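Report on one structure; see the data block that follows.
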Amino acid sequence: MTSIGRLTCIILIFCAFMIVPSMAGSKFMSGSPELSAYISGTNEFNPGDDVQLPVVIENTGLNEFEYDQPGIISRDDLPNTAKFLTVTLLPGDAPMVVKSDPQMVGDLDGGSSVNAVFTTKINSDAAGGTYLVPVILNYTYLYTADQYGVDLIHYTYKTQNLILNIPVKIKSDVSINVLSATSDHLNVGTEGYIDMQIKNIGSENGTKSIVKILQSGNSPILPTDSSVYIGDFPSGSTASCRYKVFVSSDAQNQTYPVDVVVIYQNDEGDFVTSRSDTVGIPVGGKIDFDIISPAAEMNPGNKQVINVEYKNTGDTTVYSAQARISAVDPFTSDDDIAYIGDLQPGESRTVSYIMTVDKSATIKEYGLDSVILYKDALDNIYTSDTMQVKVDVTEPVALNAILTNPVYLLIVIAAIIGILYLVFRYRKKNK
């Protein structure tokens, strides 16, 4: 190539660079995040509810003016992006507890949204109404970006704390609190009563209300009469209720739970059931008896009165008690029932039975079954556990041995007859 050709190529290349512009960049002259918050789904809850509250954060911020020019370096961040967004939920004046910590949800671009779910608890005694719950949004955004030369940009960011209020609606309802619960004649294995004072701590005025008790889990307290009609049950009012219940025989002397609910008609005319309240009911020990008298002593062939002392070792009074003894071989009895009457806890009473023991009875100690039939305070009839009346059959001694042995008795009778005959003959000779 000649020198003229080389010069021509250089000129053409230079002209090409002059004609093709350098790559253009862009920057935004205005714009910032515009955040709003709302609850996804329903925002209406009942007192006492455990709620997973989904809060939606939406960014509607726009970048209105974009400027493109060669030599401008494009920005890494957009001014309408909420960076490092942290969401905090507070209860405010709402009757609720927020159990979740603030949540970092990251960067939120313009035109997008993100969810933050908070674990909350509505107070059981919350009054119905609409409450404003504060949501605090903490974020950073690009405020300005100043370019120096063709390769240097200085970014300026601002931090924003934005407080938004979202409405939460709490329904009115009847909510109960058992103020007191006492038991009356309530013992293991028997029927008794429960007396309760119940208050409506909710904001709803219940009508046609029924207070109902339920077995709580495996509690041994079983309702016999489970429902009490109280009619109108205004907010803040109290009601007195009495229930008959039964305590199973495998219970112990301790306190057991009972669940309480109210079925009522609300202001919309619907019958609804309140949340339950659980209350402890004291249960007395089992009604029981012991025989505290020593073993009776009898000889083979004897018929005699034996005395047996029974003691009420339970926790409550029994009424119209009767003791019964089972006479089995070698014993017989013409009178196997004895009246005891009312017997208070710790009190004892002695009764008598007429018993006969066969003359062929083995010399040893016997145990005769005995039970007590009694009534509780509600006039129910029960039978006690079986007890053992001890009877010690022993060999007769001295005169008793003679009188109870037929051979000896015949010899004695013959001797007496002989003596009487001799006396008679003697008197006859001396006349």
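Screening Thr159, Thr144 for residues that are of a type in the set (S, T, N, Q), closer than 30 Å to Ser40 by Cβ and either at pLDDT below 95 or in a loop (DSSP other than H, G, I, E, B) (or both) leaves exactly one candidate, Thr159. Taken over the stretch 260-289, the residue count meeting the criterion of being of a type in the set (D, E, K, R) and either surrounded by 16 or more Cβ atoms within 10 Å (Cβ to Cβ) or touching a helix residue (DSSP H, G or I) at 6+ places or on another chain (Cβ under 8 Å) (or both) is 4.
Hey, any hits in the stretch 14-26 for a residue that's in contact with a Leu (Cβ under 8 Å, 6 or more places away or on another chain) and either crowded, with 16+ Cβ neighbours inside 10 Å or at pLDDT below 55 (or both)? Looking through the stretch 14-26, none of the residues is in contact with a Leu (Cβ under 8 Å, 6 or more places away or on another chain) and either crowded, with 16+ Cβ neighbours inside 10 Å or at pLDDT below 55 (or both).
Candidates in the stretch 228-239 are the residues that are surrounded by 13 or more Cβ atoms within 10 Å (Cβ to Cβ) and small (Gly, Ala, Ser); of these, the one that is nearest to Leu378 (Cα to Cα) is Ala239. The residues on offer are Lys169, Lys199, Lys244, Lys212, and the sole one that is in a strand (DSSP E or B), of a type in the set (D, E, K, R), closer than 30 Å to Gly41 by Cα and touching a strand residue (DSSP E or B) at 6+ places or on another chain (Cβ under 7 Å) is Lys169. In the list Asp335, Asp369, Asp385, Asp342, which residue meets the criterion of being outside the structural domain of Tyr193 (by TED's automatic domain parsing), at pLDDT below 90 and closer than 30 Å to Gly189 by Cβ? After ruling out the rest, the residue left standing is Asp335.
Inclusion of Ile354 among residues that are touching an Asp or Glu at 6+ places or on another chain (Cβ under 8 Å) and either surrounded by fewer than 20 Cβ atoms within 10 Å (Cβ to Cβ) or at negative phi (or both) is warranted.
A single entry from Val105, Val114, Val135, Val98 fulfils the requirement of being among the β-branched types (Val, Ile, Thr) and over 19 Å from Asn43 (Cβ atoms): Val105. Of all residues being surrounded by 14 or more Cβ atoms within 10 Å (Cβ to Cβ) and of a type in the set (S, T, N, Q) in the stretch 357-384, which is farthest from Ile306 (Cα to Cα)? Just the residue, please. For the stretch 357-384, the residue satisfying everything is Ser384.
Checking the structure you have, find out if any residue of the stretch 205-215 is crowded, with 17+ Cβ neighbours inside 10 Å, among the small types (Gly, Ala, Ser) and either farther than 23 Å from Ser384 by Cα or not assigned by TED's automatic domain parsing to the domain that holds Ser124 (or both). Scanning the stretch 205-215 turns up at least one residue that is crowded, with 17+ Cβ neighbours inside 10 Å, among the small types (Gly, Ala, Ser) and either farther than 23 Å from Ser384 by Cα or not assigned by TED's automatic domain parsing to the domain that holds Ser124 (or both).
All conditions but one from (1) outside any strand (DSSP E or B); (2) surrounded by 13 or more Cβ atoms within 10 Å (Cβ to Cβ) apply to Ser183; the one that does not is (1).
The values are calculated or read from the model by the stated rules, or taken from the named source; none is laboratory data. Computed from a prediction, not measured in an experiment: that's the story for all the values here. When we count neighbours, we look across all protein chains shown, and the Cβ atoms used for this are built from the backbone with ideal geometry, even at glycine.
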